[in-house]
Structures are given as structure tokens and as C-alpha cells.
Amino acid sequence: MTVSAAASNFRAMTHAPEFRLYNTMTRQVEPFAPTDGRTVRLYTCGPTVYNPAHLGNFRTFLFEDLLRRVLRLAGWEVMQVMNLTDVDDKIIKRAGERGLTIAELTEPVIRQFYEDRDYLRIQPAELYPRATEHIPEMIALVQRLMGAGIAYSADDGSVYFAIARFPGYGRLSRLDTRQIRSGARVAQDDYSKENAQDFALWKAAKDEDERAGAAWDAPFGRGRPGWHLECSAMAMKYLGETLDLHCGGVDLIFPHHEDEIAQSEAATGKEFSRIWCHGEFLLTEGAKMAKRVGNVSTVADLREENVSAAALRHFVFTTHYRKQLNLSSDALEQSRNAVARIGTFAQRLRDARGGTPALAEAAQVAERDAIRALFDDLNAPEALGALGTFVGRANAELDRGGSDRASLDQARRTFALIDGVLDVVPSVEVDDAELQGVVEERIAARAAARGRRDFAAADAIRQELLDRGIAIEDGPGGTRWRKIR
């Protein structure tokens with residue numbers, strides 16, 4: 001069952017609670033709905049692709065995946081744009097060290113990001129725009145700001161944003177504007193509040209930029225965009241001048257998102273994003289996971305250690321997205337054990353032939369509690385708790401061997417609805433390449449049959465696989481299968 005189908009079931013059964021989300025701008029949890037009542041225009045800051053994204057990055061992307069699924073569960077469509085930063089200071093430096101162009105450096109990293117995203121069952125965004133493919137939009141935004149008298153050309157050949165000319169600067173990060181050094185400039189992409197100065201919108205080309213293929217002609221001089229400029233230009237191109245939601249990690253609040261607000265609102269005179277939402281850090285032994293610190297773990301590391309996507313998702317969702325989360329072997333092992341129990345229950349629920357009235361009651365309570373938690377600022381830990389309680393109660397009722405088909409159907413719908421958001425049922429372990437090929441061919445044939453609306457043929461293929469000891473399940477990430485004997 002897809003998330004949108006689950007949403008329809010949920011709304012048909014009960015009155016949905018109000019969806020609420022923490023807004024970093026106001027520092028409080030607020031009711032949220034898309035401006036047009038139908039489609040959420042969501043911008044999420046993606047990876048800077050000079051190295052494979054680490055698990056700290058993916059904690060943020062998993063929180064955004066949770067948000068996306070809950071928004072769809074609430075009955076809305078989602079138009080998500082996640083940028084790929086393929087030109088910035090770090091990328092140019094790394095390309096120079098390796099004697100590569102920025103395109104040669106970033107292309108394999110982008111492919112790895114997509115592979116890791118799919119492994120972790122993160123639903124793809126609708127668009128993944130690359131910074132280097134949107135230089136004309138960035139140049140136009142700089143020209144707009146220069147025309148408004150907010151940006152200026154400096155003696156170093158770069159173009160800077162004059163933060164003193166934008167009275168709202170510092171609202172998101174609660175920056176004390178007395179710290180701002182009037183007229184001083186900062187050229188690097190990443191800096192601290194203590195260095196709040198005019199920031200570079202367009203950086204004059206240097207020799208290393210030219211060698212890396214990171215320089216473009218512009219009316220105000222040959223150069224390249226600043227990191228902050230990239231997101232404003234791409235967000236407004238695809239989502240309009242006012243977004244519904246803008247998300248990222250807490251490390252992006254300053255300077256990145258603060259500067260995005262300044263340059264966007266100074267250009268348009270409109271609010272850039274109605275709500276700002278940020279996820280907390282993933283820690284390793286109490287320290288923020290960061291490439292420069294050298295304490296990073298990647299999805300590849302997890303796969304080498306046989307940590308499944310389901311286990312990592314469970315681990316991440318045991319802690320609220322606005323609280324720091326500490327990565328440890330013990331915590332991962334607990335999640336591995338938890339999803340194994342959930343997987344065993346999923347198989348048992350599929351194989352069951354009937355239930356009891358108490359099973360239906362347990363399902364209704366679990367659905368109510370999980371939805372209430374998820375709609376209250378994405379409280380995944382409470383939703384996992386509701387799922388765990390349901391698994392325990394449902395197992396006890398299945399032990400009774402009831403024959404009530406309606407109760408069993410209710411339990412299956414509830415389980416599919418909750419897992420359609422959390423996605424913590426482990427995948428089948430495949431050790432037979434020939435079997436895997438046969439099953440995937442039959443699943444493809446079933447999908448083709450359903451596509452031409454030949455549901456009898458599709459059902460026959462499902463039964464054929466069941467006779468071979470293979471159960472299949474349709475979900476938001478596609479059709480999954482597992483051995484049942």
C-alpha cells in the first residue's frame with residue numbers, strides 16, 4: 001500500500017489531527033498546510049559532492065524523507081527540490097589536488113549519492129538541480145541585487161551582498177547585529193557568526209578556478225557563484241519566490257540559510273520561506289560527525305558491517321529529529337534486533353488467515369497513536385513506540401487463532417500505513433542469484449500486467465510466487481519480496 005493510499009484509508013476512517021511542525025524562525029511548533037491547500041513546495045539542501053555523503057548528512061536526509069512521507073500521509077502532494085552543490089570552495093580545492101575538473105570530481109560522487117539514497121529507501125525528490133547547470137539564473141539574481149543597490153562590486157573583482165542594507169539580517173539565527181562588521185567582507189563559503197560580514201555573491205575567477213572548469217562569464221566579471229547564491233536561484237526557479245518549507249541541518253542555519261533569506265528577500269521583497277525546519281547533528285562519541293574532523297562513517301561502511309537500511313532507519317527514528325543522536329555499535333545492534341522482530345511479525349501477518357475483534361481494536365489504537373505522533377512535529381520515536389506496542393498485542397491475538405477476516409484486514413492496513421512512513425521492515429536476505437533473477441522477472445511481468453489493467457494475470461503471478469514460497473508486498477518504494485519457507 002502506498003503512502004497516499006494509506007492517507008486515503010486513514011482519512012476515511014477517522015478525523016485527521018492537525019499537522020504541526022517546528023519553525024526555526026519563530027522557535028515554536030506551528031500548524032502547517034501548503035499555501036494552495038494541495039501541494040507542498042519543499043526545498044531541501046542537498047550534498048556538496050566533493051566526497052561521498054556521510055551518515056551525518058544522511059541523518060538529515062532521513063528526517064526530510066520522514067517529513068515528505070508524513071506530508072503525503074496528510075493528503076498533500078509534495079514538490080521537493082534538493083540541490084546538488086557541484087561547485088564551491090571545497091570542490092575546487094579537491095579538484096586542484098587531484099588534477100581534475102570539477103565535473104570529473106563530482107560526477108562519481110553524485111552517482112554514489114543516488115545509490116546510497118536508494119539503499120536507505122529515501123524517496124527521490126522531484127528535482128535534483130545542479131548548481132553548474134543554473135549559472136544564468138544566478139547571474140540574473142546578482143544583477144537584480146545590484147540594481148536594487150543591495151550588492152556591489154569590490155576592488156577584488158567580486159560582487160558582495162551589503163548586509164547593513166538589509167534590515168532583517170540575522171532573524172533566523174538570532175544574530176546580534178551589533179556583531180556585524182560594517183563594510184568588512186568575507187569571501188569563503190563557510191564561516192561563523194563571529195565573522196558576520198558582507199558575503200560574496202559572485203567570486204572573481206582565479207587561476208585554480210579556470211583550471212578546474214569553474215569560471216563563467218558575467219556582465220560584472222568572469223567568476224563563479226558563491227555557495228549561498230546557488231540555493232536561492234534554484235529554489236526560486238522551481239518553487240517560486242515564496243516556498244512553503246525550507247529544510248536542512250542545523251549547521252546550515254548560519255551562514256547559509258541566513259544568507260539565502262537576505263539575498264532572496266532583498267531581490268523579491270517577499271518572504272522567502274514560510275517555515276524553516278532543521279535537523280540536529282549525528283554524533284560519534286559525543287562529537288559532531290564531520291569530514292574535516294575525520295570521524296565520518298558512510299553508507300558503504302554500514303553495508304560492509306551488514307547493517308541494513310531498515311536498521312539504520314529505525315536507529316535514526318528512535319530519536320526526535322531536533323535532538324542530537326549518538327552513533328554507537330550498541331544502539332545499532334538494538335535497532336537490528338528490533339527490525340528483525342518487526343520483519344518476523346510482517347511475515348506472520350501476511351501468512352495469517354484470520355484475526356480477532358481485539359486485533360482490530362489494537363490496530364485502531366496503533367493507527368491513532370502513530371498518526372497523532374507523526375503529525376505532532378514528526379515524533380518518530382512515539383510512532384515507533386506505537387508500532388512496537390501493536391506488534392506485541394497483535395502477536396498475542398494471532399496466537400489465539402481467530403477467524404475474523406475483517407479484523408485481519410484492519411491489522412494489515414494499519415501495519416502498512418505505519419510502515420509506509422517509517423519503512424523499517426527488513427528486506428529479504430537473498431543468497432540464490434538464480435532465484436532472485438526469476439522472482440524479479442515475475443515481479444516485472446506482474447507490474448506490466450497491472451499497467452495494462454490485467455489484474456487477473458497480476459493475481460495469478462502473485463499466487464505463482466506464493467506457491468514457490470515467495471511473498472510479495474507493494475509499498476512506497478516499489479514491490480518487495482521475501483522467502484516464507
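Below, the figures for the structure above:
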quantity: Cα-based shape type of region 50-90, given that a ≥ b ≥ c are square roots of the gyration tensor eigenvalues and the cut on a/c is 1.5; calculated: oblate
quantity: Gyration tensor (alpha-carbon) shape descriptor, region 337-457, a/c threshold 1.5; calculated: prolate
quantity: Accessible area (Å², per residue) of the chain, counting only protein heavy atoms and a probe of 1.4 Å; calculated: 42
quantity: Ratio Rg/Rh [Cα only; Rh per Kirkwood] for the chain; calculated: 1.01
quantity: In Å, descending, principal axis extents of the Cα set of region 157-221; calculated: 40, 22, 19
quantity: Around residue 455: net Lys/Arg minus Asp/Glu count, Cβ-Cβ under 14 Å; calculated: +2
quantity: Kyte-Doolittle at least -1.0, axis length at least 24 Å by Cα - qualifying DSSP helices, the chain; calculated: 55-73, 102-119, 329-351, 357-375, 380-399, 405-422, 433-451
quantity: Which listed pairs, of 90/237; 93/288; 203/270; 93/206, have C-alpha distances above 21 Å, in listed order; calculated: 90/237; 93/288; 203/270
quantity: Scaled radius of gyration (Cα, divided by 2.2 N^0.38 Å) that region 28-179 gives; calculated: 1.26
quantity: The chain: relative contact order as a whole-number percent, Cα under 8 Å and 6+ apart; calculated: 17
quantity: Percent carbon-and-sulfur accessible area, the chain, ignoring ligands, DNA and RNA, probe 1.4 Å; calculated: 47
quantity: Share of pairwise Cα separations in region 247-397, more than 25 Å, in percent; calculated: 48
quantity: Cα-based equivalent ellipsoid of region 363-412: semi-axis lengths in Å, sorted from largest, via gyration tensor; calculated: 24, 11, 5
quantity: Relative packing of 19-28, 324-333, 362-371, which averages over residues the other C-beta atoms within 10 Å, highest first; calculated: 362-371, 19-28, 324-333
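The values are calculated or read from the model by the stated rules, or taken from the named source; none is laboratory data. Since we're looking at a predicted model, the values are computed, not measured. Cβ sites come from the backbone with ideal geometry, for glycine too, and all protein chains shown count toward neighbours. Ligands, DNA and RNA are excluded from the accessible area calculation, which covers all protein heavy atoms including side chains. Shrake-Rupley method; radii C 1.70, N 1.55, O 1.52, S 1.80 Å.
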